[in-house]
Amino acid sequence: MKVAIVVGSDSDLKFAQETSEVLKLFDLPHEIFILSAHRTPLETMDFAKNAEKEFSVIIAMAGKAAHLPGVIASMTTLPVIGVPLSVSLNGLDSLLSICQMPTGVPVATMAVDGAKNAGLFAVQILSLTDQKLREKLKEYRENLRSTVVKKNSSLRNGVNK
């Protein structure tokens with residue numbers, strides 16, 4: 001099980017790093033690539049066509065026209081998670097480019113700049129066939145719950161007033 005994180009530009013690497021940090025929490029191997037649906041179409045096509053040999057899930061992030069996730073999804077049967085980035089128009093252009101895929105070529109779409117959730121969704125997908133990963137995910141969720149409960153308790157006890 002290995003995850004590919006693909007960004008359309010080196011300016012998007014900060015989002016790839018956010019996803020990488022999540023995947024590291026779950027000890028999931030992953031690689032980051034810079035590929036562009038528009039500037040490196042042949043390399044992107046080669047990556048997508050051969051991704052199944054090495055990866056189980058692909059996370060693709062792009063801004064503006066954001067065709068990268070859809071182009072990759074059109075050339076592989078692996079699950080593709082798209083992350084629209086807020087490069088322009090507050091990310092609305094990217095969101096619509098990714099979530100409006102034609103029937104037959106789905107891309108799971110995260111929130112604008114939702115790089116961390118993309119990593120977590122990849123974990124969820126991979127946990128379907130890995131019980132240890134599923135247990136780590138349950139522990140992660142319990143830690144989230146516990147953190148909120150503690151913050152609420154502190155607030156109620158006047159610590160944050």
Open item on the list: I'd like the Karplus ³J(HN,Hα) series for the stretch 94-107: coefficients 6.51, -1.76, 1.60, θ = phi - 60°, whole numbers in Hz, and an x wherever there's a Gly or Pro.
Closed with: 5, 4, 5, 4, 8, 7, 9, 6, x, 3, x, 10, x, 9
Open item on the list: For the pair GLU54/HIS38, report the inter-label distance in nm, with labels modelled 7 Å from Cα in the Cβ direction.
Closed with: 2.7
TODO: Using amide H atoms built 1.01 Å from N in the peptide plane, name the residues 5+ places from ALA60, or on other chains, whose amide H lies under 5 Å from its own.
DONE: VAL6, ILE81, GLY82, VAL83
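Just how many pairs of Lys in the stretch 3-129 have C-alpha atoms closer than 17 Å, counting pairs that are eight or more places apart or on different chains? Don't skip to the answer; put the middle values down first.
On the way: LYS14/LYS24; LYS14/LYS64; LYS14/LYS116; LYS24/LYS116.
So the count of such lysine pairs works out to 4.
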Task: Most fluctuating residue given options GLY114, GLY82, GLY104, as computed from a GNM of the chain linking Cα atoms under 10 Å - done: GLY104
TODO: Take every DSSP beta bridge with both residues inside the chain and express the antiparallel ones as a percent of the total, to the nearest 5.
DONE: 0
Task: Nitroxide proxy distance, nm - points 7 Å out along Cα→Cβ at LYS138 and ASN157 - done: 2.9
- [ ] Taking only Cα atoms and a 10 Å spring cutoff, compute GNM fluctuations for the chain and point out the largest among PRO79, PRO69, PRO29.
- [x] PRO29
- [ ] Quick one: go through the stretch 45-68 and flag any residue whose amide nitrogen is under 11 Å from the point 7 Å out along the Cα-to-Cβ line of THR129.
- [x] 55-57
Task: Identified option (computed Cα extents along the principal axes in Å; candidates (i) 63, 31, 24; (ii) 66, 40, 30; (iii) 59, 39, 30) - done: (iii)
Open item on the list: Order these by the 10 Å Cβ neighbour count, fewest first: LEU85, LEU13, LEU137.
Closed with: LEU13, LEU137, LEU85
- [ ] Tell me what the chain gives for mean residue ellipticity at 222 nm when only DSSP H runs of n ≥ 4 count, each as -39,500 (n - 2.57), the sum divided by the residue total, rounded to 500 deg cm²/dmol.
- [x] -15000 deg cm²/dmol
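Where a number appears in this text, it was derived from the coordinates with a stated rule and is not lab data. These numbers were taken from a predicted model, which means no experiment stands behind them. Glycine gets a Cβ as well: all are built from the backbone with ideal geometry, and neighbour counts include every protein chain shown.
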